[in-house]
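Colleague: First the structure, which I've put down as structure tokens, then a few questions once you've had a look.
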Amino acid sequence: MTLKQQDGQTTLDRIEAAKNLRHFLNRLNKQAFGNAAQRFGKKVAVISMLEASCSGRLHYHLAMKNPFPTTAACHEAVVDCWSKTRWGYHEVDLQPIYSSGWISYITKSKFIDGWDVENTHLVR
């Protein structure tokens, strides 16, 4: 999944980008798990990587486990939750992972500084 961020001409930095993604994930967790997200800390499994385009525009690549009954329901929830964040931009690309190529793509940087550890949640 690729999530682009924009709010008019305001400049987005890494801290604001991370806050925005956290807001998105909180909304998505609530839609996926209801009150269990807040009460029991239930979360969608997600790996998040922050990347800057050639022009310097920040965007996220996520690898996420689908917590919804269908891909269509997941897509609808992602678009809904992302559009309700301050920096949520209308460009959302949601694709199923068919191979390890996507993980290689989102981790293509030689440096780990793009990995958003605070917004990554791995399920055991």
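Colleague: Which residue is nearest to LEU25 (Cα to Cα), if the candidates are limited to the range 44-65 and must be open to solvent by 60 Å² or more (accessible area, probe 1.4 Å) and in contact (Cβ under 8 Å) with a residue 12 or more places away in the chain?
Modeller: Once the filter is applied, the top-ranked residue is LYS65.
Colleague: State whether one or more residues within the range 7-20 are among the polar types (S, T, N, Q), at pLDDT 95 or above and either farther than 19 Å from ASN119 by Cα or open to solvent by 70 Å² or more (accessible area, probe 1.4 Å) (or both).
Modeller: no
Colleague: How many of the residues making up the range 46-66 are over 14 Å from the mean Cα position of the chain (by Cα) and not hydroxyl-bearing (Ser, Thr, Tyr)?
Modeller: 4
Colleague: I would also like to ask the following. I'm trying to understand the selection: among the residues of the range 66-89, which are outside any helix (DSSP H, G or I) and in contact (Cβ under 8 Å) with a residue 40 or more places away in the chain?
Modeller: LYS84, THR85, ARG86, TRP87, GLY88, TYR89 - these are the residues of the range 66-89 that are outside any helix (DSSP H, G or I) and in contact (Cβ under 8 Å) with a residue 40 or more places away in the chain.
The values are calculated or read from the model by the stated rules, or taken from the named source; none is laboratory data. Just so we're clear, the structure is a prediction, and the values are computed from it rather than from any experiment. So basically every Cβ, Gly included, is an ideal-geometry build from the backbone, and we count neighbours across all protein chains shown. With ligands, DNA and RNA removed, areas are computed over all heavy atoms of the protein, side chains included. Shrake-Rupley method; radii C 1.70, N 1.55, O 1.52, S 1.80 Å.
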